[in-house]
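Taking it in order: structure first as structure tokens, then the write-up.
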Amino acid sequence: RKQFIFLSILIWTIYLMGGYIGFLALQETEHYGIKEAFTVLSAGSIGMIVTPGGIGAYAWLIQKTMLLYGLNEGIALAFGWILWLAQTAVILIGGLISFVALPYYNKRKNLAKR
């Protein structure tokens, strides 16, 4: 139970830091801080629920959120797509690595049981 709670907090912290670090990707967003990153995390979480994988909805909700902070409409949409693409790429690459590594891990585990 403690490990589950720790890992859940770790995952959400990584998503929060992803948004915070994402602000550094564009010159127009580099002055935003952790408060705005929390807002982006909240809006982005809703965007992930609305459509499969958050395609379109994530970037749109991030755009609308960043407009509240005075960011230009085009830059806000680009920022949303950059965050979505980075997160999706990490998930796809991590999933591919896990998919390839899992048979080797299971084989080693089964040999150890014998």
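Where a number appears in this text, it was derived from the coordinates with a stated rule and is not lab data. From a predicted model like this one, the values you see are computed outputs, not experimental measurements. Note that each Cβ is placed from the backbone with ideal geometry, even for glycine, and that neighbours are counted across all protein chains shown.
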Practice task
Can you confirm whether the range 41-59 contains a residue that is within 18 Å of E28 (Cα to Cα) and either free of Cβ contacts under 8 Å to residues at least 40 places away in the same chain or not in a helix (DSSP H, G or I) (or both)?
Solution key: yes
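Suppose we filter K64, K35 for residues that are assigned to a helix (DSSP H, G or I), over 12 Å from the mean Cα position of the chain (by Cα) and surrounded by fewer than 13 Cβ atoms within 10 Å (Cβ to Cβ); which single one remains? Break it down into steps so the answer makes sense when it comes.
Details: K64 fails: surrounded by fewer than 13 Cβ atoms within 10 Å (Cβ to Cβ).
K35 is the lone residue from the list that is assigned to a helix (DSSP H, G or I), over 12 Å from the mean Cα position of the chain (by Cα) and surrounded by fewer than 13 Cβ atoms within 10 Å (Cβ to Cβ).
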